[in-house]
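This report concerns only the one structure given below.
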Amino acid sequence: MADSISVSPNLDRQGRYQELIPQIAALICGEEDIVANMANIAAALKEAFKFLWVGFYLVKGDELVLGPFQGPVACTRIQKGKGVCGTAWQQKRSIIVPDVDQFPGHIACSTFSKSEIVVPLIVDDEVLMVLDVDSEEKDSFSKIDAHFLGKILSKLESIQ
Ligand code: SME
């Protein structure tokens, strides 16, 4: 296994995802432990894009509970419909927040977070977890991130 993630800094966001995805596939290939794979996915995304925070919240009963992540410490539990994560869960869709101050009910785990994207993993119409990514810059995320983060999340679909 390579000891680090390698993405070309001169590529645009899409190009960097295209370089990163095969490396993530190799990282999790043959590993059946979902927590281990979530941990490496969070680390790979953080390393490749230098995001402020990358992590997972898992649906456990009627709330989301913090899973593997990279970045500053974060809130451990989020209710359905609360914050960006709980809203993505409730609405079963990805949510892109260009400016966290403009999102009603945004939960500020870090004052450095300026924009955010949350992508749910949906299996059989049920949300199993969400992938949350925070940036220190406003307007960091687009549909390109939603697309590729969804592709990365789907690699966990068969491992539960
Ligand atoms: N901002 C999120 C909470 C999680 S932290 O960003 C890590 C939200 O509003 O759901």
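The values are calculated or read from the model by the stated rules, or taken from the named source; none is laboratory data. Keep in mind it's a predicted model, so treat the numbers as computed, not measured. We place every Cβ from the backbone using ideal geometry, glycine too, and count neighbours over all the protein chains shown. These area figures cover heavy atoms from the full protein model, side chains too; ligands, DNA and RNA do not enter into them. Shrake-Rupley method; radii C 1.70, N 1.55, O 1.52, S 1.80 Å.
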Exercise for review: In debye, nearest 20, what is the charge dipole magnitude of segment 18-149 about its Cα centre with +1 on Lys and Arg Cβ and -1 on Asp and Glu Cβ, if you could check?
Suggested key: 280
Practice item. Taking 7 Å along the Cα-to-C-beta vector as the label spot, tell me the Glu157-Val35 distance in nanometres, rounded to one decimal. Key: 2.6
Study note, to complete from the structure: Simple SL model, points at 7 angstrom along Cα→Cβ for His147 and Arg13; separation in nm is 1.1
**Study point:** Residues of type lysines that Lys151 reaches as a straight line, Cα spacing below 20 Å, ignoring anything fewer than 8 places off in the same chain
**Key:** Lys46, Lys50, Lys92, Lys143
Check your understanding: To the nearest 10 square angstrom, how much accessible area does Cys75 have with a 1.4 angstrom probe?
Key -> 40
Study note, to complete from the structure: Among trypsin sites (Lys or Arg not before Pro) in segment 64-125, those in a DSSP loop whose Cβ has at most 13 other Cβ atoms within 10 Å are Lys92
Revision key, fill the gap. Sites removed, the longest contiguous part of the chain containing no DSSP-loop GluC sites (Glu not before Pro) with at most 16 other Cβ within 10 Å is 33-135
Check your understanding: If the chain between Glu136 and Ala25 were fully stretched, how many nm would it gain, using 0.36 nm times the residue separation less the Cα-Cα distance?
Key -> 37.2 nm
Exercise for review: Any chance you could check the Cα centroid distance between segment 80-101 and segment 121-160 for me, in angstrom?
Suggested key: 12
Check your understanding: At Asp101 and Thr76, where each label point lies 7 Å from the Cα along Cα→Cβ, what is the point-to-point distance in nanometres?
Key -> 3.2
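At 222 nm, what helix-only mean residue ellipticity would the chain give, in deg cm²/dmol to the nearest 500, using -39500 (n - 2.57) for each DSSP H run of four or more?
-10500 deg cm²/dmol
For the chain, what is the accessible area per residue in Å², given a 1.4 Å probe and the full set of protein chains?
Computed with neighbouring chains in place, this is 51 Å² per residue.
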**Study point:** Protein accessible area in the chain, 1.4 Å probe - carbon and sulfur %
**Key:** 49
